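**Student:** Have a look at this one.
Laboratory data are not the source of any read-out in this text; all were calculated from the coordinates shown. Just so it is clear, the structure is predicted and the values come from calculations on it, not from any experiment. Reconstructed Cβ throughout: ideal geometry from the backbone, glycine too, with neighbour counts over all protein chains shown.
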Amino acid sequence: MLTRRRLYFLLPDIDSARGMLDEMLLARIEERRIHFLAKRGTLPADLPEATVMQKTDIVHGAELGIVIGGVAGTLGGLLVVLFPPGGVSLQLVTVLVAALLGALFGAWVSSMAASAVPNSRLTRFQAGMERGKVLMMVDVPMRRIQEISDLVVRRHPEAILSGFEPTVVFP
């Protein structure tokens, strides 16, 4: 499995974003690995927009829901096994099934709620985007991080490298 890191660049305007898109494509970064985010309604259609998973806290919500739902399901399963309803004899597998169902339900409910919440990892860029700047997120293989960073600094000194995110699990 190829491990990728998400690099963040804050760009001054749409024209700079278009130039960066061209540079990334010439550097053989696939378009599906390049995403832009700007103030609502200002990003033109020719720039690949960030996905819902990148714009919202849906992934974090699902992770949290799995944990909370799994714990709640486990506790509920234990209660049902220890105090069976109507004298029914239940086995310990009931706890496992309840934990699994709780985790699935928790992930679903939490991700639905989190889909309405902006991505907490992007809050540091919000002020810049409100002033008209454009955020470029590009997912690159670990071995190309320095190469891509150097390319951006060399070709587009107006771009501000704003760090990177650990291993990207979802595209």
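**Student:** Answer with a single label: of (i) 10, 41, 40, 9, 0; (ii) 10, 30, 25, 14, 10, 7, 3, 0; (iii) 9, 38, 40, 11, 2, 0, which was calculated as P(r) over Cα pairs in 10 Å bins from 0, in percent from the structure in view?
**Tutor:** (ii)
**Student:** Please compute the contact order of the stretch 14-158 in relative form: average sequence separation of alpha-carbon pairs under 8 Å and at least six residues apart, divided by the residue count, as a percent. Numbers along the way, then the final one.
**Tutor:** Values: 188 pairs, mean separation 48.1, N = 145.
After rounding, I find 33 percent.
**Student:** So how far apart, in nm, are the two label points at A45 and T3 if each is 7 Å from Cα heading toward Cβ?
**Tutor:** In this crude label model, A45 to T3 measures out at 4.1 nm.
**Student:** If I fit a long axis through the Cα atoms of helix 145-155 and take the longest principal axis of the Cα atoms of the chain, what angle between them do I get, 0 to 90°, rounded to 10?
**Tutor:** For 145-155 against the chain, the angle is about 30 degrees.
**Student:** E130 to S149: extension gain in nm, 0.36 nm per residue of separation minus the Cα-Cα distance? Please report the intermediate quantities before stating the final value.
**Tutor:** On the way: separation 19, 0.36 × 19 = 6.84 nm, distance 2.45 nm.
That pair, E130 and S149, stretches by 4.4 nm at full extension.
**Student:** Taking the Cβ of V140 as the center, what net charge do the other residues with Cβ under 15 Å away carry, scoring Lys and Arg +1 and Asp and Glu -1?
**Tutor:** Numbers: positive: R4, R5, R6, R28, R32, R33, R143, R144; negative: E23, E30, E31, D139, E147, D150, E165.
Charge balance in the 15 Å sphere: +1.
**Student:** Let me ask you something else. Might you report the magnitude of the Cβ-based charge dipole of the stretch 1-134 about its Cα centre, with Lys and Arg at +1 and Asp and Glu at -1, to the nearest 20 debye? Show your work: numbers first, answer last.
**Tutor:** Working: 14 positive and 11 negative charges, 48 e Å.
Around 240 debye, computed over the stretch 1-134.
**Student:** Something else about it: Roughly what would the spin-label model give for V117 and E158, points 7 Å off Cα along C-beta, in nm?
**Tutor:** Label-label distance for V117 and E158, simple model: 3.6 nm.
**Student:** In addition: Once both axes come from the Cα atoms, what is the angle between helix 14-26 and the longest principal axis of the chain, in degrees from 0 to 90, rounded to 10?
**Tutor:** Relative to the chain, helix 14-26 is tipped by roughly 80 degrees.
**Student:** Measure nothing but the geometry: give the 0 to 90° angle between the long axis through the Cα atoms of 93-114 and the longest principal axis through the Cα atoms of the chain, rounded to 10°.
**Tutor:** That helix lies at roughly 40 degrees to the long axis.
**Student:** Turning to a different aspect of this structure: Could you give the length gained by full extension between I68 and E31, i.e. 0.36 nm per residue of separation minus their alpha carbon distance, to one decimal place?
**Tutor:** Full extension of this stretch gives 9.7 nm more.
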